[in-house]
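What follows is a short report on a single structure.
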Amino acid sequence: MSTATPAAAGTPVSVARSQPADHAAVRRHNLGLVLRLLRSGGPRSRAGIAVATGLNKATVSSLVAELESRGLVRDVGTDRERRLGRPATLVELDGRGVLAIGLEVNVDFLSVLVTDVAGREVHSRTRPIDARHHSLDAIVALLVELSEEGVSIAGPTRRAVTGCTVAVPGVVDVDAGVVRIAPNLGWHDVPFAAVLGAALGAELAVTVDNEANLAALAEHRVGQHAGVANLLYVIGEVGLGGGIVVDGHLVRGASGFGGEIGHMTMERDGLRCNCGSRGCWETLVALPAVLRAAVPDRADELAADENLSPEDKIRIVAERASSGDAVALAALRDVGEWLGVGLANLFHVLNPDIVVLAGIYPVVAEWVVPVATEVLAEQTLGHAGRSCPVVVSSLGFSAAARGGAIHAAERVFDDPLCVPVLSDQKEPS
Ligand SMILES: [Zn+2]
């Protein structure tokens, strides 16, 4: 059996693994390779799969039969473009009966997004809550309810659930499944994967990750600029979070602090930050700073109002700017400048292909993005930042939960044999 490199099927975001050279591991790797190829490149003939992967035709036929027996691929008619010889049957990614669950715990809401293995959305729902006033047990119970509802809506087509990945606003040790610090939830060292896994049922694989990391994964996979190798995702809400994709892989760092860009020091003697430090980037560009500068007469009242979402609050700023209010316009210019300064610093570290702004920034994009773009170009070596577009996210509130579902589905691409054989089929030898 020949092997091929994963690069033949694109650059999926996942932790790279070394492959032991035994037969089962090689077969598992090649099954995943074929699945990824069909996901990124669409339907292909068996001969086309062989050419693209470098595997021989007999191996490809056997791999396709294996995937078919698990409902992960199916035949879809013939290749009409083919001029010579017999028309070839095309194979496409299927996976309709295998579900992946993405969940998000936010300060203001809980949400669920269920997809099949091909990423088709089966169900999504957001439930407003004030998570700060709910116990851990109460949040877990609500997440179980949301997940069960989502899976039951998929109905009789469901054969398996590949896993569940939950996004939280905090620093996460992904391998340990522990939320190290989630200041806005008041969580410290919470073994969230184990707690939620026990509540959902022991057989379900549960992963916990930072919300901005999962949103960045969603941007990289299904956003408007999907597929770029190096992407920097910046989300402003009550705090400022980041997700970093380098060479197609999420960067989390040694202990999960990679991407905590909101706490880069911009002013040594600046304002006190929620983290206890001073002059962090988020004290200059996140929602509280924008409200203080743009609507000083209502800033305290708006900051304290728990009935309004961050998006409701930033819309008030946008309304003032639209009406020509000089204070709001000057404040948004400052926010654009500080965003540009931080992005220029990060450009010299990461050299991203693109910066995607999310959270409050899409609402005030017309004032903030041109200024940030200008400063990014000015403050970079040789004005290299000009080559890096600053754009706003189009995925909205569901980005982190969608990233969770993408992450959970990835388990099938890493190991297609985790999906059971269809009951009316024999396991291929
Ligand atoms: Zn800070």
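The values are calculated or read from the model by the stated rules, or taken from the named source; none is laboratory data. In this text the structure is predicted, and so the values were computed from the model without any measurement. Don't worry about glycine lacking a Cβ; one is built from the backbone with ideal geometry, like all the others, and counts go over all protein chains shown.
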Identify, from the list Ala88, Ala141, the residue that is more than 22 Å from the chain's Cα centre (by Cα), over 21 Å from Asp414 (Cα atoms) and at pLDDT 95 or above. Ala141
What pairs come up if the first residue lies in the range 342-366 and is farther than 25 Å from Leu291 by Cα and aromatic (Phe, Trp, Tyr), the second is modelled with pLDDT of 95 or more and in a loop (DSSP other than H, G, I, E, B), and their beta carbons are under 9 Å apart, counting only those six or more places apart or on different chains? Phe347/Gln379; Phe347/Thr380; Phe347/Cys388
Could you check Asp297 against (1) within 12 Å of the ligand (Cβ to nearest atom); (2) of a type outside the set (A, V, I, L, M); (3) over 24 Å from Val341 (Cα atoms) and say which number it fails? (1)
How do the pairs read when you match residues in the range 293-310 that are modelled with pLDDT of 95 or more and in a helix (DSSP H, G or I) with residues anywhere that are of a type in the set (Asp, Glu) and surrounded by 12 or more Cβ atoms within 10 Å (Cβ to Cβ), using Cβ under 7 Å and keeping only pairs 6 or more apart or on different chains? Ala293/Asp334
